[in-house]
1. Out of region 1-30, which residues are of a type in the set (Ser, Thr, Tyr) and in contact with a Lys or Arg (Cβ under 9 Å, 6 or more places away or on another chain)?
2. Scan region 22-78 for residues that are open to solvent by less than 40 Å² (accessible area, probe 1.4 Å), more than 18 Å from residue 8 (Cα to Cα) and under 10 Å from the mean Cα position of the chain (by Cα) and report the count.
3. So for region 23-32 (the condition being among the basic types (Lys, Arg) and in contact with a helix residue (DSSP H, G or I) (Cβ under 7 Å, 6 or more places away or on another chain)), does at least one residue qualify?
4. Which of the residues that make up region 77-91 are touching a helix residue (DSSP H, G or I) at 6+ places or on another chain (Cβ under 7 Å), of a type outside the set (Val, Ile, Thr) and modelled with pLDDT of 90 or more?
5. Can you say whether residue 7 is in contact with a Pro (Cβ under 9 Å, 6 or more places away or on another chain) and of a type in the set (A, V, I, L, M), as far as the supplied structure shows?
6. For residues in region 79-91 being free of Cβ contacts under 8 Å to residues at least 60 places away in the same chain and open to solvent by 50 Å² or more (accessible area, probe 1.4 Å), which is nearest to the chain's Cα centre (by Cα)?
7. With 10, 57 as the choices, which residue is closer than 20 Å to residue 83 by Cβ and without any contact (Cβ under 8 Å) to a residue 60 or more places away in the chain?
Amino acid sequence: MTSDTGASHISSRDNPLLKDLRKLAQDPGAYRKLGRIWLEGDHLCRAALARGVKPAIAVFSESFWPQAPAEWARDAAKTVVVSDDLLRGVS
């Protein structure tokens, strides 16, 4: 990961965070093991923020990052940008 404008960039398929995200997105019971949940999409993310949920990590595709709503990254403790190809392998 490298830092750029406050966001970390993931470019390796073997990144530990990316491996956790794959588990969360693909294994229905992974949230219990990892103690995290994976929310994907505009509607779910906006609903969570409206209810006061503060995400630990906001994950964006590289192509979406330039137009991502500022509050999504601002409200997260950490922001990560993942290449489009790698993110397709997550969900």
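The values are calculated or read from the model by the stated rules, or taken from the named source; none is laboratory data. Since the structure is predicted, the reported quantities are computational estimates derived from the model, not experimental observations. Virtual Cβ from ideal backbone geometry, glycine too; neighbours counted across all protein chains shown. Quick note on the areas: whole protein, heavy atoms, side chains included, nothing else; ligands and nucleic acids left out. Shrake-Rupley method; radii C 1.70, N 1.55, O 1.52, S 1.80 Å.
1. 8
2. Count: 0.
3. Checking region 23-32: at least one residue is among the basic types (Lys, Arg) and in contact with a helix residue (DSSP H, G or I) (Cβ under 7 Å, 6 or more places away or on another chain).
4. 86
5. On the way: in contact with a Pro (Cβ under 9 Å, 6 or more places away or on another chain): no; of a type in the set (A, V, I, L, M): yes.
It is false that residue 7 is in contact with a Pro (Cβ under 9 Å, 6 or more places away or on another chain) and of a type in the set (A, V, I, L, M).
6. 88
7. Numbers: 10 fails: without any contact (Cβ under 8 Å) to a residue 60 or more places away in the chain.
Within the list 10, 57, the selection yields 57.
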